[in-house]
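For reference, the structure discussed in these notes is given below.
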Amino acid sequence: MNNYINYDWFRNNAYMNNYTNNPYENDLFNPQEGFEKGNMFKNLYSQYKDYSPEKLKPKNAQERKLYELSAICFAAHDLNLYLDMHPEDRSMFMLFMDYQKQANRLIEEYERNYGPLNINSEEMNKSFTWESDKWPWEDRNV
């Protein structure tokens with residue numbers, strides 16, 4: 001596997017396969033594409049001039065897991081916004097629920113392996129490791 005996440009990896013990942021079972025498959029980007037473009041809906045995405053989204057390149061397993069989690073959370077959030085305007089759309093609601101379950105599972109997995117993501121985390125009750133961990137900029141020449 002490369003040091004970055006590519007579309008093939010995302011399509012083959014167990015957490016991502018459920019998007020192919022949705023009736024909007026031709027209307028929606030997959031979670032990674034939607035995350036990178038900032039929009040899950042193909043018909044609403046409009047590329048600005050020659051701009052193309054930057055391909056994010058996680059450097060290690062922790063960054064890959066956080067990237068995967070971020071993409072799924074983005075997909076769930078974007079579908080949630082759609083459902084605010086179209087609450088009767090049961091198929092989209094089922095897809096939203098699927099992304100939400102995947103996000104919760106990924107959050108638990110991430111926190112179990114790398115520590116808490118937010119103040120509501122159960123991992124916060126175990127220790128305050130954040131005070132002894134490296135800050136993101138400590139490994140870089142910033």
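In table form, for the structure just shown:
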item: Answer residue from the stretch 34-73, given it is under 28 Å from GLY115 (Cα atoms) and of a type in the set (S, T, N, Q) and is farthest from the chain's Cα centre (by Cα) among those; result: ASN60
item: Number of positions in the stretch 95-126 that are touching a residue at least 60 places away in the same chain (Cβ under 8 Å) and surrounded by 14 or more Cβ atoms within 10 Å (Cβ to Cβ); result: 5
item: Any hit, the stretch 56-72, residues being surrounded by 15 or more Cβ atoms within 10 Å (Cβ to Cβ), of a type in the set (S, T, N, Q) and free of Cβ contacts under 8 Å to residues at least 40 places away in the same chain; result: yes
item: Residue match in the stretch 76-88 (condition: of a type in the set (Ser, Thr, Tyr), closer than 27 Å to GLY115 by Cα and either crowded, with 17+ Cβ neighbours inside 10 Å or out of contact with any helix residue (DSSP H, G or I) (no Cβ under 8 Å at 6 or more places or on another chain) (or both)); result: no
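Residue by residue, here is whether (1) assigned to a helix (DSSP H, G or I); (2) touching an Asp or Glu at 6+ places or on another chain (Cβ under 6 Å) holds:
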site	(1), (2)
ASP50	no, no
TYR67	yes, no
ILE72	yes, no
ALA75	yes, no
GLN100	yes, no
LEU106	yes, no
GLU109	yes, no
ARG112	yes, no
PRO116	no, yes
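Each reported figure results from applying straightforward, stated rules to the coordinates on display, with no laboratory input. The structure presented is a predicted model; accordingly, all values stated were derived computationally and were not measured. Virtual Cβ from ideal backbone geometry, glycine too; neighbours counted across all protein chains shown.
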